[in-house]
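Readers should treat all values here as calculations from the given coordinates under stated rules, not as data from a laboratory. Quantities reported herein were computed from a predicted structural model and do not represent experimental measurements. Because the Cβ atoms are built from the backbone with ideal geometry, glycine has one as well, and the counts that use them run over all protein chains shown.
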Amino acid sequence: MGELKDKARQYAKMFGGAAALSDAAVRGVKADKIRAVLRDAGALEPGRFRVLDVGCASGLILRRLADDAEFGVGIDMDDGGMWKAGDRLAFARADAEHLPFAAETFDVVICNHVYEHTDEPERMLREIARVLRPTGICYFAGPNKYDLVEPHYGLPLLSWLPRPLADRYLRWTGRGAAYTERPRSLSGLRQLVRQFHVTDYTGAIVNDPTRFHATDILAPGSLKQWLAKAVLRAAPFVFPGFVYVLRKRRDAL
């Protein structure tokens, strides 16, 4: 196991993460955003899809998404993420880079802000492609390395720095001993998901936050929405994060 995997087990215990990951209201809002994107993309036909949530934590998002599913599975590396399974829901302690499922098992895979916590995100994406059915869809969201404020620690420009300086910055601010997250730039993210057909939903969400249940972060007509549109149009390389829908490319497997 690498240092990121060791840290993943403790993620929910760090910098207030446990409260956010177990807050039903917060996770419910996030689930509504994910569901809106997937439905717009043509997924989630009631009773006829199988869903996998990679890095499911307390399973609150999966439970909301799986209301109409044939069945749902959540995986996490943290034992503390274990939750009571139901008739159509199951939890597995597993590594996203080595998914313990047969090929072409799932219609929908959720990979929401997970890649930056993995040692080999390319391997994780290959595994996601493997377990998706031929017509399957992956909801993929993650941060941008060049976000002006690093989202996990709330520190300006943290992820821009070379790792030794980032480690010193964390220690100096008392936020941690080492910066082990590995966010990628916009070009790095595009390279990461190159094996898929990619639909970028970031702009659609910014332009119509009501439709995609994102009004909690972008009020329609607000200055913040105007700024988000401007940055995404003029300088997307510093936009905080991106939301993609990924579809399998058979020739890339």
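Each peptide in 58-64, 134-140, 118-124 gets a packing score, the mean of other Cβ atoms within 10 Å over its residues, and the list from highest to lowest is 58-64, 134-140, 118-124. Helical runs assigned H by DSSP (4 residues or longer) give the chain a calculated mean residue ellipticity at 222 nm of -9500 deg cm²/dmol, each run adding -39500 (n - 2.57) before division by the residue total.
Between THR199 and ARG249, what length comes free when the chain is fully extended (0.36 nm per residue of separation minus the Cα-Cα distance, one decimal in nm)? List each step's numbers first, then the result.
On the way: separation 50, 0.36 × 50 = 18.00 nm, distance 1.28 nm.
That pair, THR199 and ARG249, stretches by 16.7 nm at full extension.
Cross-link partners of LYS248 among aspartates and glutamates, defined as those whose alpha carbon lies under 20 angstrom from its own and excluding same-chain residues fewer than eight positions apart: ASP40, GLU45, ASP53, GLU97, GLU104, ASP107, GLU120, GLU122, GLU127, ASP200. Taking a straight Cα-Cα cut-off under 19 Å and skipping sequence neighbours fewer than 8 places away in the same chain, the aspartates and glutamates within cross-link reach of LYS224 are ASP147, GLU150, ASP208, ASP216.
Based on alpha-carbon atoms, the Kirkwood radius and the radius of gyration of segment 122-253 give Rg/Rh equal to 1.02. If you wrap segment 166-228 in the convex hull of its Cα atoms and look at it from every side, the mean projected area works out to 6.7 nm².
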